[in-house]
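Heads up, the thing below is written out as C-alpha cells.
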Amino acid sequence: MAAQLRVGILGATGTVGQRLVAMLEGHPQLVVTAVAASDRSQGKTFGEACTWRLPGDMPSALRGLQVGSPQPPLDCDIVLSSLPADIAGPVEAQFAAAGYPVISNSSSHRMDDDVPLLIPEVNAGHLAMIARRPGRGGGFIVTNPNCSTIMIALALAPLQARFGVEAVVVTTMQAISGAGYPGVASLDITDNVVPYIASEEEKIERETLKILGRLDGARVRPAEFPLSAQCHRVPVVDGHMAAIRVQLGRKAEPGELRDAFTSFRGVPQELGLRTAPPCPILVRDEPDRPQPRLDRDAGGGMSITVGRIARDRVLSHRFVALSHNTIRGAAGAAILNAELLLARGYLRNDQ
Ligand SMILES: NC(=O)c1ccc[n+]([C@@H]2O[C@H](COP(=O)([O-])OP(=O)(O)OC[C@H]3O[C@@H](n4cnc5c(N)ncnc54)[C@H](OP(=O)(O)O)[C@@H]3O)[C@@H](O)[C@H]2O)c1
C-alpha cells in the first residue's frame with residue numbers, strides 16, 4: 001500500500017478547518033501532520049486552540065499537534081487551505097511558489113487563469129489548466145467553488161449536457177454556518193432573513209460560468225448563458241438551498257430533467273474515489289422536499305438533493321436544490337479534489 005500523503009491545514013481551527021479535520025480522520029491516503037491558524041492560536045496545541053464545534057470529540061491524534069503560522073515551510077506534502085479570503089491570496093501563492101500543491105476553499109485564486117475551479121464530477125478535465133512552470137518546484141493551486149456555486153453548477157451540469165442551457169435565475173437561502181464562526185450575530189438572524197451576503201451574488205454568477213466553461217488549450221472559455229443570482233441568509237444552521245429557474249435549449253418534459261439528474265455520474269464515481277457519493281444528485285419527489293434538516297446529510301453530505309422539478313411560466317423549467325455547505329460546499333469538496341489529484345498523478349508523497 002502507498003504511503004499516506006501528509007496534509008497541512010491552514011485555518012484548521014475554523015468552521016471549514018474542523019470539517020476537514022473530522023473528514024480526514026481515518027483517511028487511507030491522507031493524514032494531517034500540520035495545522036496552522038491565526039496568531040491567536042499559534043504556539044498552542046490544537047486541543048487548546050480549537051473549540052471543537054462538531055458532534056463527537058476532536059480526533060485524539062491531533063489534540064497535541066502544535067498550531068503553526070500559515071507560512072512555508074510546513075511539515076506536510078500538500079496544503080488544504082480554509083483561510084479567510086483577505087489573507088488566503090498571498091499565503092496560498094507563497095505556498096505554491098515554495099513547491100506545495102495547495103487545495104483551497106477560499107475565493108482568492110478561483111478566477112485565476114492557471115487555477116482550476118473544480119467540481120470533479122463536472123469539470124475534471126480543467127486540471128489541464130495547472131501550470132507546472134519550471135522553478136515552481138511542483139507547486140500549484142486548485143480551488144473548489146463557493147458553497148452555493150457548487151450546488152448550482154452541479155445541478156446545471158447534466159441539464160447543459162443533455163438539453164443546453166440558455167438562461168438561469170437563482171435565488172438562494174443560505175445557512176448561518178456559511179459565514180464561518182461566530183458568523184451572523186444571533187440578534188440579526190433569529191426571527192429574520194437578511195437579503196445580503198457580501199460578494200456572494202457576483203461569485204455565483206462568475207464561478208458557475210467558469211466551471212461550466214469549455215477548455216480551450218490551457219484556458220477556460222466561460223459558458224455564455226446569462227445567469228442572475230440573489231442571495232439571502234436564513235436562520236438555518238447548515239444546508240444551503242437554491243430555487244433555480246432555467247431556460248433550456250430544447251423542449252423537455254419534467255421527467256426528462258429528473259432522469260438527467262438521477263443518472264448523472266462523473267469521474268469520481270468512475271474512479272471510485274473515497275469521498276465521492278454513489279449518486280452526486282438525488283431527486284426527492286415529495287412536494288415539500290428538499291429541506292435542510294432532512295436532506296443536507298444525504299450521501300454523507302456529498303450528494304445534493306433536487307426537488308420541485310416543474311415547468312415554469314417565465315423560463316422553461318424550475319426546481320429547488322439543496323446541499324451541505326460545509327461538506328459538499330467546502331471540506332468534502334477540497335478532499336474530493338485531493339483524491340482526484342492523487343488519482344490523476346498530480347500529487348506525490350515524496351515532494
Ligand atoms: N463556512 C462555509 O460554509 C464555507 C464554504 C465554502 C468556503 N468557505 C471559505 O473557507 C474559508 C474559511 O471559512 P470558515 O467558515 O471556516 O471561517 P472561520 O470559521 O472564521 O475560520 C477561519 C480560520 O482562519 C483562521 N484565521 C483567521 N484569520 C487568520 C490570520 N490572519 N492568519 C491565519 N489564520 C487566520 C482562523 O484561526 P483562529 O481560530 O486562530 O482565529 C480559523 O482557523 C473562507 O475563505 C470562506 O469563505 C467557507
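Give me the accessible area per residue for the range 147-324, probe 1.4 Å, as a whole number in Å².
Value returned for the range 147-324: 47 Å² of accessible area per residue.
Where Rh denotes the Kirkwood radius from the mean inverse Cα pair distance, what is Rg over Rh for the range 57-145?
1.00
Between A98 and A243, what is the label-to-label distance in nm when each label sits 7 Å out along the Cα-to-Cβ direction?
Output for this residue pair reads 4.8 nm.
Take the Cα pairs of the range 147-324, get the Kirkwood Rh, then feed it into Stokes-Einstein at 37 °C and 0.692 mPa s and tell me D in µm²/s.
196 µm²/s
Considering only protein heavy atoms, what is the solvent-accessible area of Y196 at a probe of 1.4 Å, reported in Å² to the nearest 10?
150 Å²
Test of understanding: extend the Cα→C-beta vector of T171 to 7 Å, then name every residue of the range 314-348 with backbone N under 14 Å from that spot.
Counting backbone N atoms under 14 Å from the label point, the list is 314-315, 318-321.
Of all accessible surface on the range 147-324 at a 1.4 Å probe, what whole percent is carbon and sulfur?
In the range 147-324, the share of accessible area belonging to carbon and sulfur is 50 percent.
Mind grabbing the base-10 log of I(q)/I(0) for the range 268-323 at q = 0.21 Å⁻¹? Debye formula, identical points on the C-alpha positions, no solvent, two decimal places.
-0.76
Hey, which aspartates and glutamates would be in cross-link range of K203, C-alpha to C-alpha under 14 Å, not counting anything within fewer than 8 residues on its own chain?
Hits, sequence-local ones excluded: D112.
For K251, give me every one of the aspartates and glutamates with a C-alpha distance below 16 angstrom, ignoring sequence neighbours fewer than eight places off in its own chain.
Leaving aside aspartates and glutamates fewer than 8 places away in the same chain, those within reach of K251 are E166, D259, D312.
Could you work out how much longer the chain between R258 and R313 gets when fully extended? Use 0.36 nm per residue separation minus the Cα distance between them, nm to one decimal.
Gain on stretching R258 to R313: 17.9 nm.
Taking the dipole about the Cα centre of the range 241-318, with the C-beta of Lys and Arg at +1 and of Asp and Glu at -1, give me whichever of A260, L273, I309 is farthest to the positive side.
Farthest towards the positive pole: I309.
Per-residue accessible area for S81 at 1.4 Å probe radius, Å² rounded to 10?
About 0 Å², ignoring ligands and nucleic acids.
If exposed means no more than 15 neighbouring beta carbons inside 10 Å and the site is in a DSSP loop, what's the longest run of the chain without any exposed GluC sites (Glu not before Pro)?
26-223
Any idea what the alpha-carbon Rg over 2.2 N^0.38 Å comes to for the chain?
0.96
Charges at C-beta only: +1 for Lys and Arg, -1 for Asp and Glu. How large is the resulting dipole of the chain about its Cα centre, in Debye rounded to 20?
The calculation lands at about 500 debye.
Which aspartates and glutamates, if any, have their Cα less than 20 Å from the Cα of K44, not counting same-chain residues under 8 positions apart?
D57, D75
With n ≥ 4 as the cut-off for DSSP H runs, can you work out [θ] at 222 nm for the chain, using -39500 (n - 2.57) per run divided by the number of residues, rounded to the nearest 500?
About -7500 deg cm²/dmol.
If each of S60 and E202 carries a label point 7 Å out from its Cα toward its Cβ, how far apart are those two points in nm?
If labels sit at S60 and E202, their model points lie 4.8 nm apart.
The values are calculated or read from the model by the stated rules, or taken from the named source; none is laboratory data. Computed from a prediction, not measured in an experiment: that's the story for all the values here. Glycine also receives a Cβ, built like all others from the backbone with ideal geometry; neighbour counts cover every protein chain displayed. Just the protein is used for accessible areas: all its heavy atoms, side chains included, with ligands, DNA and RNA removed. Shrake-Rupley method; radii C 1.70, N 1.55, O 1.52, S 1.80 Å.
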